[in-house]
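So the structure is just underneath, and the comments pick up after that.
The values are calculated or read from the model by the stated rules, or taken from the named source; none is laboratory data. The shown structure was predicted, so the numbers you read here are calculated from the model rather than taken from an experiment. FYI the Cβ positions are ideal-geometry reconstructions off the backbone, even for glycines, and counts take in every protein chain you see.
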Amino acid sequence: MLIFLKKRGGRPKRAVFPLFNHMIKVNQNQCIGCGLCVGMCPETFMMNADGKSEVLAQTDNECAQNAVASCPVNAISL
Ligand code: SF4
């Protein structure tokens, strides 16, 4: 992602930021509440009051990718 930052009295300054276009999601209807994703990525997933996993924070994409691959019912998507 290329963003132009306005600079007073001169040319706009360019800045390059990494493009995070993923969004970690848990399908609540598919989740069987095994807790695997929460055990793997406690900063990203948590168990809710219904005993299903939900996204705690959109962090650690690499760990989330491993959770996607490990979920037994394919309930996690990026
Ligand atoms: S690994 Fe899949 S089934 Fe298990 S708690 Fe996480 S989302 Fe639910």
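How many of the residues in region 21-44 are in contact with an Asp or Glu (Cβ under 9 Å, 6 or more places away or on another chain) and within 6 Å of the ligand (Cβ to nearest atom)?
3
Among (1) modelled with pLDDT under 95; (2) of a type in the set (D, E, K, R); (3) out of contact with any strand residue (DSSP E or B) (no Cβ under 8 Å at 6 or more places or on another chain); (4) assigned to a loop (DSSP other than H, G, I, E, B), which single condition is D50 missing?
(1)
So in region 1-47, with the set limited to residues that are modelled with pLDDT under 95 and outside any loop (DSSP other than H, G, I, E, B), which one is farthest from S70 (Cα to Cα)?
In this case the residue turns out to be K13.
Condition first: touching an Asp or Glu at 6+ places or on another chain (Cβ under 8 Å) and within 11 Å of the ligand (Cβ to nearest atom). Can you find one or more residues in region 50-72 that meet it?
Narrowing region 50-72 to residues touching an Asp or Glu at 6+ places or on another chain (Cβ under 8 Å): 56-57, 59-60, 63.
Now drop any that are not within 11 Å of the ligand (Cβ to nearest atom), which leaves none.
No, there is no match, as no residue in region 50-72 is touching an Asp or Glu at 6+ places or on another chain (Cβ under 8 Å) and within 11 Å of the ligand (Cβ to nearest atom).
Conditions: (1) buried (at least 16 other Cβ atoms within 10 Å of the Cβ); (2) more than 18 Å from H22 (Cα to Cα). G35 meets all but one. Number of the miss?
(1)
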